[in-house]
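Here's the structure, in structure tokens; my notes come after.
The values are calculated or read from the model by the stated rules, or taken from the named source; none is laboratory data. Everything numeric in this text was worked out from a predicted model, so none of it was measured. Here the Cβ positions follow ideal geometry from the backbone for every residue, glycine too, while neighbour counts run over all protein chains shown. SASA here: full protein model, heavy atoms, side chains in, ligands and nucleic acids out. Shrake-Rupley method; radii C 1.70, N 1.55, O 1.52, S 1.80 Å.
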Amino acid sequence: MASYAERVLKQVKKANPNEPEFHQAVTEVLDSLKLVVDNDSRYERAGLLERLVEPERVLMFRVPWVDDKGKVRINKGYRVQFNSAIGPYKGGLRFHPSVNLSVMKFLGFEQIFKNSLTGLAIGGAKGGSNFDPKGKSDGEVMRFCQSFMTEMFRHIGVDTDIPAGDIGVGSREIGYLMGQYKRIRNEYVGVLTGKGLSYGGSLVRKEATGYGLVYLSEEALNARGDSLKGKTVAVSGSGNVAIYTCEKARQLGAKVLTVSDSDGWIYDPNGINIEVLKQVKEVERGRLTSYAERVKDCEYHPRGEGKVWDVDCKIAFPCATQNELDEASAAKLVADGVLLVKNGVKYVAEGANMPTTVKATEHFLHNSVIFLPGKAANAGGVATSVLEMSQTDTRLFWSFEKVDRKLQAIVKHIFVSIDEASSRYGMPGNYVVGSNIAGFEKVADAMMAEGVV
């Protein structure tokens, strides 16, 4: 007879057809939770897994807006409020053509455990739209954001649901969203995080996801008597997470060899020039071809001409998007890479949400690579969002050093939690299992205490 976790997984796939990203996220979590729920009948009696995998609320709405030529455009908007057992919903908004219900549900489900791991009182949610801000004017982005918030404002609130940014939603978009919320509600509250410093934002918030990724990796290295100093690093992506992953890794003595965007990727044997990367991506909103034009000795590879994972490195940080690192790429990383031949990857930590396929993750684990899943490794962003909420509520503004110290303390708590959970269930060093179990236990205790709701 199939176990409780296996039966629930089968139900999820049957009840949610054509949602591969959601299936993948639930499969990974329930595979780990077999160790917990199949040995304790209380969970099945309470229908806990059935409730856990079903969002508390799914909002879908149209977003009409007018482009610069006066043409009416329509996009789809989403907010998946997945679980509020330990606190108000918290999770980012993603504006990207790939956004659909399956992606939103996978991200919201992951967010439950990520938020739990921080030790802070926040539930899991995610939202966004298939709108693409790339190539749009500021006016078009503003009109879209105002239309999006005109519907979403009624479903969010400082004690209900506090969105933030994600792919395609940076400080510009958050500003427009915040302005429209304030206009409609006639109140100034911390209902959005990732705000600009001039209107209630927090220092370190921009850097937090990338910094947190590197801090957690350093904890894992330190636990093994090692450090980032002198290590070669491959990073994918060139957005907010990737940029500040590169910056913090360099500060801790590593050499970052790669970054990428949707058009191609860079290999820089001298180490990625962070200042040029910031100028191209944050100031000019340009492509990596501009980086290649300005930096001597770097190689630019257009899309389809290899991948960042072809470069030999000791540490890999996938920071772009879901399922970008497949089994073939994992095999290359483990087998010493292509462009250089040394000793292969030893650590992989996810900066993006679920950027590693199931087969690639299994390949890393089977080859003794220390693997840090996104729900633990990229939790620094949401953790610092909560620190931003605290500052907004008290009308205080903390120094960069103070917020950074708090971020490091939260990351240390995350590592201790996942390390302890993996050991307690007889799989020391398996941080996929450790992250899922440590994240689940707090949420499960709250759900049991609150009754069947």
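Rounded, prolate or oblate, given the Cα gyration tensor of the stretch 187-278, with a/c below 1.5 counting as rounded?
oblate
Hey, got a sec? Which trypsin sites (Lys or Arg not before Pro) in the stretch 252-321 land in a DSSP loop and have at most 13 other Cβ atoms within 10 Å? Show your work: numbers first, answer last.
Values: sites: 255, 278, 281, 285, 287, 294, 296, 303, 307, 314; in loops: 285, 287, 296, 303, 307, 314.
Passing both the DSSP loop test and the Cβ count: 285, 296, 303.
Charges on Cβ only, +1 for Lys and Arg, -1 for Asp and Glu, centred on the Cα centroid of the stretch 164-295; of 171, 186, 274, which one is farthest towards the dipole's positive end?
Ranked along the dipole, the leading option is 186.
P(r) of the chain in 10 Å steps, Cα pairs, percent per bin?
In order of increasing distance, the bins hold 4, 22, 32, 27, 13, 2, 0 percent.
At a 1.4 Å probe radius, carbon and sulfur cover how many percent of the accessible area of the stretch 1-135?
On the way: 2770 of 5480 Å².
Taking all protein chains in place, the stretch 1-135 shows 51 percent carbon and sulfur surface.
Give the percent of DSSP beta bridges with both residues in the chain that are antiparallel, rounded to the nearest 5.
In the chain, approximately 55 percent of DSSP beta bridges are antiparallel ones.
Give me a comma-separated list of calculated 3J(HN,Hα) values for the stretch 394-399, in order, Karplus coefficients 6.51, -1.76, 1.60 applied at θ = phi - 60°, integers in Hz, x for any Gly or Pro.
Once rounded to whole Hz, the list reads 9, 6, 10, 9, 8, 5.
Based on Cβ point charges of +1 for Lys and Arg and -1 for Asp and Glu, what charge dipole magnitude is obtained for the chain about its Cα centre, in debye rounded to the nearest 20? Working shown, then result.
Details: 58 positive and 55 negative charges, 177 e Å.
Charge dipole, the chain, about its Cα centre: 860 debye, nearest 20.
How long, wide and thick is the stretch 333-453, going by the Cα atoms along their three principal axes, in whole angstroms, largest first?
So the three principal-axis extents are 53, 41, 22 Å.
Using per-residue counts of other Cβ atoms within 10 Å, averaged over each peptide, order 431-439, 70-78 from highest down.
431-439, 70-78
Take the alpha carbon gyration tensor of the stretch 372-434, find the square roots of its eigenvalues, order them as a ≥ b ≥ c, and report rounded if a/c is under 1.5; if not, report prolate when a/b exceeds b/c, else oblate. Kindly include the intermediate steps, with their values, before the conclusion.
On the way: a/c = 3.40, a/b = 2.95, b/c = 1.15.
Because a/c hits 1.5 or more and a/b exceeds b/c, the stretch 372-434 counts as prolate.
For the chain, what does -39500 (n - 2.57) per DSSP helix run (n ≥ 4), summed and divided by total residues, give at 222 nm, in deg cm²/dmol to the nearest 500?
-14500 deg cm²/dmol
How large is ³J(HN,Hα), in whole Hz, for each residue of the stretch 169-185 in order, when computed from phi with the Karplus curve 6.51 cos²θ - 1.76 cosθ + 1.60 and θ = phi - 60°, using x for Gly and Pro?
Each residue's phi maps through the Karplus curve to give 10, x, 5, 4, 5, 4, x, 5, 5, 5, x, 6, 4, 4, 5, 6, 8 Hz.
Given DSSP loops and a limit of at most 13 other Cβ atoms within 10 Å, what is the longest stretch of the chain that contains no such GluC sites (Glu not before Pro)?
For GluC sites (Glu not before Pro) (loop position, at most 13 other Cβ atoms within 10 Å), the longest site-free span of the chain is 1-186.
Ranked from the most accessible area to the least, with a 1.4 Å probe and all protein chains present, what is the order of 413, 301?
413, 301
Solvent-accessible area per residue for the stretch 41-111 at a 1.4 Å probe radius, Å²?
With the other protein chains kept in place, the stretch 41-111 gives 41 Å² per residue.
Name the residue farthest towards the positive end of the dipole of the stretch 191-298 from the options 221, 288, 264, assuming +1 on Cβ of Lys and Arg, -1 on Cβ of Asp and Glu, about the Cα centre.
After comparing all options, I get 221.
Under 5 Å between amide H atoms, partner at least 5 residues away or on a different chain: which partners does residue 59 have, H built in plane at 1.01 Å?
79, 80, 81
Do the alpha carbons of any pairs in 105/229; 76/442; 71/195; 134/229; 34/278 sit beyond 32 Å of each other, and which pairs?
Working: 105/229 38 Å; 76/442 34 Å; 71/195 30 Å; 134/229 36 Å; 34/278 44 Å.
Those over the limit are 105/229; 76/442; 134/229; 34/278.
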